Amino acid sequence: ETGVTQTPRHLVMGMTNKKSLKCEQHLGHNAMYWYKQSAKKPLELMFVYSLEERVENNSVPSRFSPECPNSSHLFLHLHTLQPEDSALYLCASSQDEGRETQYFGPGTRLLVL
Amino acid sequence: ILNVEQSPQSLHVQEGDSTNFTCSFPSSNFYALHWYRWETAKSPEALFVMTLNGDEKKKGRISATLNTKEGYSYLYIKGSQPEDSATYLCAFRGEILTGGGNKLTFGTGTQLKVEL
């Protein structure tokens with residue numbers, strides 16, 4: 001596979017469930033990102049990992065827990081979410097230097113019931 | 001809080017029309033301005049990274065200009081085709097003194113629909 005892949009593409013979960021989103025990049029990049037897009041809002045940066053270290057946590061509630069076990073994989077663990085957390089979650093990767101382009105996955109469409 | 005604005009929010013044009021839209025961003029601490037194209041159900045796709053005041057970039061029928069002193073960038077599409085229908089996003093990166101990662105602040109996008 002090439003580029004950035006995300007699984008699952010769609011997810012429906014109850015407020016008491018625990019689930020995880022997975023992202024994998026095949027581009028040799030050293031930085032990875034989680035973004036959230038809610039309806040009518042801009043893409044909102046949630047977390048940034050550079051060289052497997054978290055360098056940004058953009059005031060995200062603790063019910064979202066990221067994990068970056070290596071430079072190719074990024075997870076977003078979800079627990080006790082709220083209906084307002086329903087959104088499209090996008091993963092991206094880039095080289096962490098200068099003005100490098102970020103490459104995005106297709107996203108996971110999450111619905112919290 | 002950084003403010004990145006795009007206008008118009010949406011645009012309907014006829015095939016063959018040329019069109020343009022605007023991205024406004026803070027004029028201080030500029031580092032880079034990115035343009036992305038996002039088709040429904042697909043991944044956002046990078047179009048341009050613009051870094052210098054007066055930059056002009058071109059990719060096929062799409063081009064972009066940059067004015068960092070006044071804080072705006074224009075994206076132009078010449079002779080629009082139905083396959084150009086997508087949301088066009090701009091993203092601003094300001095200069096950062098510490099930390100890592102390439103932190104981008106996105107606008108809400110301009111949704112373009114090209115009709116036959």
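All conditions in (1) part of a strand (DSSP E or B); (2) under 24 Å from A:LEU88 (Cβ atoms); (3) free of Cβ contacts under 8 Å to residues at least 12 places away in the same chain hold for B:THR87, with the sole exception of (3). Identify the residue in the range A:78-100 that is over 12 Å from A:MET32 (Cα atoms) and of a type in the set (Ser, Thr, Tyr) and, among all such residues, is farthest from the other protein chains (Cβ to nearest Cβ). For the range A:78-100, the residue satisfying everything is A:THR80. For the range A:104-113, give me the residue count where each residue is buried (at least 19 other Cβ atoms within 10 Å of the Cβ) and not in a loop (DSSP other than H, G, I, E, B). Count: 4. Filtering B:VAL49, B:VAL13 for residues that are closer than 13 Å to B:LEU112 by Cβ, in a strand (DSSP E or B) and among the β-branched types (Val, Ile, Thr) leaves a single hit, B:VAL13.
Kindly indicate the residue of the range A:61-72 that is over 17 Å from A:LYS18 (Cα atoms) and surrounded by 15 or more Cβ atoms within 10 Å (Cβ to Cβ) and also farthest from the other protein chains (Cβ to nearest Cβ) among those meeting that condition.
Ranking the candidates gives A:SER72 first.
Scanning the range B:72-79 for residues that are over 19 Å from B:VAL4 (Cβ atoms), in a loop (DSSP other than H, G, I, E, B) and not β-branched (Val, Ile, Thr) turns up at least one hit.
FYI, it's all coordinate maths here, none of it is from the lab. None of these values were measured; they are calculated from a predicted model. Don't worry about glycine lacking a Cβ; one is built from the backbone with ideal geometry, like all the others, and counts go over all protein chains shown.
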